[in-house]
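So the structure is just underneath, and the comments pick up after that.
The values are calculated or read from the model by the stated rules, or taken from the named source; none is laboratory data. In this text the structure is predicted, and so the values were computed from the model without any measurement. Note that each Cβ is placed from the backbone with ideal geometry, even for glycine, and that neighbours are counted across all protein chains shown. When the accessible area is computed, the model is the full protein with side chains, heavy atoms only, and any ligands, DNA or RNA have been set aside. Shrake-Rupley method; radii C 1.70, N 1.55, O 1.52, S 1.80 Å.
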Amino acid sequence: MSEVLKPTTAAQLRDVIAWAAAEEASLDVRGHGTRRALGRPMQTSRTLDLSALAGIVSYEPEELVLTARAGTPMVEIDAVLRGRNQMLAFEPMDTGPLYGMAPDGGTLGGVVACNLSGPRRVKMGAARDHVLGFNGVSGRGESFKAGGKVVKNVTGYDLGKLLTGSFGTLAVMDEITLKVLPAPAKTRTVIVYGLDDVTATAAMAEALNSPFEVSGAAHLPATVAQRSGVDYVRRRGEAVTALRIEGTGTSVTARCDGLKALLSARGALEELHTTNSIRLWHEVRDVASLLPDPGKVLWRLSVPPSDGPKVVAAVAAALGAEFFYDWGGGLVWLATAPTEDGGAGLIRDVVAATGGHATLFRASDSLRAAVPVFQPQQGTLADITRRIKDAFDPKRILNPGRMYAGV
Amino acid sequence: MKMPAPDAAVLARRAEIVARLREIVPGEGVIDDESELRAYECDGLNIYRQMPMVVVLPSTTEQVSHVLRYCHDNGIKVVPRGAGTGLSGGALPLSDGVLLGMGKFNRILEIDYANRCVVAQPGVTNLGITNAVAHAGFYYAPDPSSQIACTIGGNIAENSGGVHCLKYGLTTNNVLGVELVLMNGEIVRIGGKHLDAGGYDLLGVITGSEGLLGVVTEVTVRILRKPETARAVLLGFPSVAAGGACVAAIIGAGIIPGGMEMMDRPAIHAAEAFVHAGYPLDVESLLIVELDGPQAEVDELIATVEGIARAQGATYVRVSTSEAERAAFWAGRKAAFPAVGRISPDYICMDGTIPRKQLPAVLDRIGALAEKHGLRVANVFHAGDGNLHPLILFDANNPKEVEAAERLGADILRLCVEVGGVLTGEHGVGVEKRDLMGTMFDETDLAHQQRLKCAFDPQGLLNPGKVFPVLHRCAELGRMHVHRGQLPFPDIPRF
């Protein structure tokens, strides 16, 4: 195991990275290491451990702004927000169980670096939409900042978005400022039984296009629905299409009634109240309990929502895959057998035809080394990616190759 | 306003450049006649004016690509322009530059309800997108006050906001994809109809890049179902502090209104005199709080907001009971800028964002600064998100007042940064705030931003002189000063 460097101050963080840049010593950047299996395997000379750069720097509920250090545990942030009836509206997934680790692990820096967003993405946006600003150290070993600590800001380039989802390959964030929002007082879920994928996608589109402000739209085929811990989801042995409604009491009741009326012709309906709703949407968000076989290769496909069933039809049977849909059909989780390429060739071609992209979300180190983890880029797009890496990390010391070879 | 020195060699080749551009964009797409060029000499920030060398109005992506490649290969600067409604001088021409007008890209290409998006050319107006889907009950959420004229391409350049962006986001939160032409003529597609584009978040940096990274030739934006209903409540307070406290209390109660606007006394009086909206004149601050959404929710929240307002000492409370009354509440606010235009020969609109809790202190200090500079200021405030628009009143025919207005504007923006805010919430940096960037960012911060620019436009030919106070060459920015040696901090924990 390589040497671990664990800075405890911003100055130490800068000095470590400046030193690594001078020595061209590559760094495996990590918080709690819960998402190390996401991305391409890396060969690095040292580990940069950010877990000591932790703690909430400031939290002002009335300003809807929270600043915390990258190494802050997510459970700490969630607890503090819950204490003021607020939340991170992008609903970051808990990847622990998926990678065979305990739940509730991981740091804010990891969530932001991976741009992980949950079912509420369809209504409230992704992680990148809630990052307001940061300070940190680029691969040049220089401290810098961008964005601000207010919810509306267009001063300079939005480098916070650039770093969100960059998997630590451009800069190491220290303090991150996020937009936070009120948590819903009440959650309900309307479920429709027995729809096939195409009909379910149409029903989800109808619900998302309704005035009822649906904040989650997922479809579980019958075999997947059977694994839910929610009795209502399992009990009929059929596929389940789930639509979430959140907000204040009166409003949730009224919207649920409206949604049920809208969907009544589609099939048998049921309504989940808050506890069951929260349980189901955690299952959808975190994936592991719905597609539980750890020996399977897991793909995350991002496609135009209406193309979801078409993409699945083109790959699932051929690969013997299990799957379910989130984001109204626009996010497909697909578990395939660990064949030589895990289905990459077929999946990538089919997804590329929709304009979307596929991520090899969980696979063995050898498969992730053999097959691109992220949808390969070509031509001008690949050139821009490489030049951005040159701009922020010219010596290729930060998580080298984690997203793309040579980046 | 100091702009990059004109390139004499380029100016000397003007006739040849015009001729070549006419080959690329035939017909009436190239303007070199002085009287016609005049229409392009400024954008919405009209205190800065500059005639462009030539205007090109392409109508296809291929033409844009050819124009940019030609300019790239010949070292000619290019300034992109949408409708020219921007308020920070982002489309201010250069005397030795090609002004690239995108107005002919005015078609909606596809409406896709199943995926809740619209694919449009960048010259379509913001309102044009909403109008195209309104019959089906949909709309495009960001609504800058210039929405009738401003283009979606310009919105992307500036990351435009509007009164509804606390709840529904700015442009950046509503763009799914673009087709972009780089300065060297290369065409690239980023994102699409899927919700998250892969790879580095290029959409996130292009949106709000003020035309410095590339020229957008197609956009895909999200559309939303129009809320079932909207109602507004008009609230008057005896002080700015009480109005500000009410805003904090509403958000503290977990309510995110569709719109929440505040005006101070000078703005209230100007607006009322202009449109007779029925605003109370005996209050120091006026709030418009709009709740939108399902009927049941709006009715419930209106009552909650009313209760909060009374508890916070509101001396005037009026809830809209009809769509006409709601429109009347907004009429005054929406007319605030022209209303101020009636009481002063000229005005400039500043655009800082502050932590909301700082509002009373900031307005007091703006009052003192205005007095110091001998000018008047009216304030309108996107209260929900802390975006403050002080309107500085002055007479452009009086050079001393112009100078004083610029100095006062700079002082106000410095104040916004000092209290923990930012220089611009939604109008962009452009030329207006360019030289103030140093109050918010140090040289290292700005160098990191400029290196991103280098990744898209290494020669710095696209819209130079905007955003960055000092232009560095990309080669210089790329250099690294490394000091080899032992890891300097022996006390860093190592395992």
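From A:VAL57, A:VAL112, A:VAL80, which residue is touching a strand residue (DSSP E or B) at 6+ places or on another chain (Cβ under 8 Å) and buried (at least 24 other Cβ atoms within 10 Å of the Cβ)?
Values: A:VAL57 fails: buried (at least 24 other Cβ atoms within 10 Å of the Cβ); A:VAL80 fails: buried (at least 24 other Cβ atoms within 10 Å of the Cβ).
Unique residue meeting the criteria: A:VAL112.
Can you spot a residue in the stretch A:274-284 that is more than 14 Å from chain B (Cβ to nearest Cβ), in a loop (DSSP other than H, G, I, E, B) and open to solvent by 10 Å² or more (accessible area, probe 1.4 Å)? Steps first, answer last, please.
Applying the first criterion (more than 14 Å from chain B (Cβ to nearest Cβ)) to the stretch A:274-284 yields A:274-284.
Subsequent filtering for residues that are in a loop (DSSP other than H, G, I, E, B) retains none.
Checked the stretch A:274-284: no residue is more than 14 Å from chain B (Cβ to nearest Cβ), in a loop (DSSP other than H, G, I, E, B) and open to solvent by 10 Å² or more (accessible area, probe 1.4 Å).
Quick check, is B:GLU432 surrounded by fewer than 17 Cβ atoms within 10 Å (Cβ to Cβ) and under 23 Å from A:VAL150 (Cβ atoms)?
When the stated conditions are applied, B:GLU432 does not pass them.
Considering the stretch B:247-284 alone, what residues qualify as being within 14 Å of chain A (Cβ to nearest Cβ), more than 27 Å from the chain's Cα centre (by Cα) and outside any loop (DSSP other than H, G, I, E, B)?
Of everything in the stretch B:247-284, those that are within 14 Å of chain A (Cβ to nearest Cβ), more than 27 Å from the chain's Cα centre (by Cα) and outside any loop (DSSP other than H, G, I, E, B) turn out to be B:ALA249, B:GLY252.
Which residues, taken from the stretch A:217-253, are open to solvent by 10 Å² or more (accessible area, probe 1.4 Å), among the small types (Gly, Ala, Ser) and farther than 16 Å from A:LEU269 by Cβ?
A:ALA222, A:GLY229, A:GLY237, A:GLY247, A:GLY249
At least 3 residues that are surrounded by fewer than 18 Cβ atoms within 10 Å (Cβ to Cβ), assigned by TED's automatic domain parsing to the domain that holds B:PRO266 and modelled with pLDDT of 95 or more in each: list the helices (runs of 4 or more DSSP H) lying fully within the stretch B:295-405 that qualify. Before the answer, list the steps.
Details: elements: B:295-311, B:323-334, B:336-343, B:359-373.
Counting at least 3 such residues, we get B:295-311.
Hey, any hits in the stretch A:335-353 for a residue that's touching a residue at least 40 places away in the same chain (Cβ under 8 Å), part of a loop (DSSP other than H, G, I, E, B), open to solvent by 10 Å² or more (accessible area, probe 1.4 Å) and touching a Phe, Trp or Tyr at 6+ places or on another chain (Cβ under 8 Å)?
Looking through the stretch A:335-353, none of the residues is touching a residue at least 40 places away in the same chain (Cβ under 8 Å), part of a loop (DSSP other than H, G, I, E, B), open to solvent by 10 Å² or more (accessible area, probe 1.4 Å) and touching a Phe, Trp or Tyr at 6+ places or on another chain (Cβ under 8 Å).
Taking the residues in the stretch A:117-134 that are free of Cβ contacts under 8 Å to residues at least 60 places away in the same chain and more than 7 Å from chain B (Cβ to nearest Cβ) as candidates, determine which candidate is surrounded by the fewest Cβ atoms within 10 Å (Cβ to Cβ).
Just the residues of the stretch A:117-134 that are free of Cβ contacts under 8 Å to residues at least 60 places away in the same chain, to begin with: A:117, A:125-131, A:133-134.
So of that shortlist, the ones also more than 7 Å from chain B (Cβ to nearest Cβ) come out as A:117, A:127, A:130-131, A:133-134.
Numbers: A:SER117: 29, A:ALA127: 25, A:HIS130: 25, A:VAL131: 27, A:GLY133: 22, A:PHE134: 24.
If we take residues in the stretch A:117-134 being free of Cβ contacts under 8 Å to residues at least 60 places away in the same chain and more than 7 Å from chain B (Cβ to nearest Cβ), then A:GLY133 is surrounded by the fewest Cβ atoms within 10 Å (Cβ to Cβ).
Do you know which residues across the stretch A:311-332 are outside any loop (DSSP other than H, G, I, E, B), within 14 Å of another protein chain (Cβ to nearest Cβ) and either in contact (Cβ under 8 Å) with a residue 40 or more places away in the chain or of a type in the set (S, T, N, Q) (or both)?
Initially, the stretch A:311-332 is screened for residues outside any loop (DSSP other than H, G, I, E, B), giving A:311-319, A:322-329, A:331-332.
Applying the additional criterion that residues be within 14 Å of another protein chain (Cβ to nearest Cβ) yields A:311, A:325-329, A:331-332.
Those that are outside any loop (DSSP other than H, G, I, E, B), within 14 Å of another protein chain (Cβ to nearest Cβ) and either in contact (Cβ under 8 Å) with a residue 40 or more places away in the chain or of a type in the set (S, T, N, Q) (or both): A:VAL311, A:TYR325, A:ASP326, A:TRP327, A:GLY328, A:GLY329, A:LEU331.
Could you please tell me which pairs satisfy a Cβ distance under 7 Å, a separation of 6+ or placement on different chains, a first residue in the stretch A:48-63 that is at the interface with chain B (Cβ under 10 Å from one of its Cβ atoms) and over 18 Å from A:ASN135 (Cβ atoms), and a second residue that is of a type in the set (Val, Ile, Thr) and part of a strand (DSSP E or B)?
A:ASP49/A:VAL4
Residues are listed down the side, and each one gets a yes or a no for (1) at the interface with chain B (Cβ under 9 Å from one of its Cβ atoms); (2) surrounded by fewer than 21 Cβ atoms within 10 Å (Cβ to Cβ):
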| site | (1), (2) |
| --- | --- |
| A:GLY148 | yes, no |
| A:GLY160 | yes, no |
| A:PHE167 | no, no |
| A:VAL180 | no, no |
| A:ALA183 | yes, yes |
| A:VAL190 | no, no |
| A:GLY194 | no, yes |
| A:ALA205 | yes, yes |
| A:VAL214 | no, no |
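Any idea which of (1) closer than 26 Å to B:LYS433 by Cα; (2) in a loop (DSSP other than H, G, I, E, B) is the one B:PRO26 doesn't satisfy?
Going through the list (1) closer than 26 Å to B:LYS433 by Cα; (2) in a loop (DSSP other than H, G, I, E, B), B:PRO26 breaks only (1).
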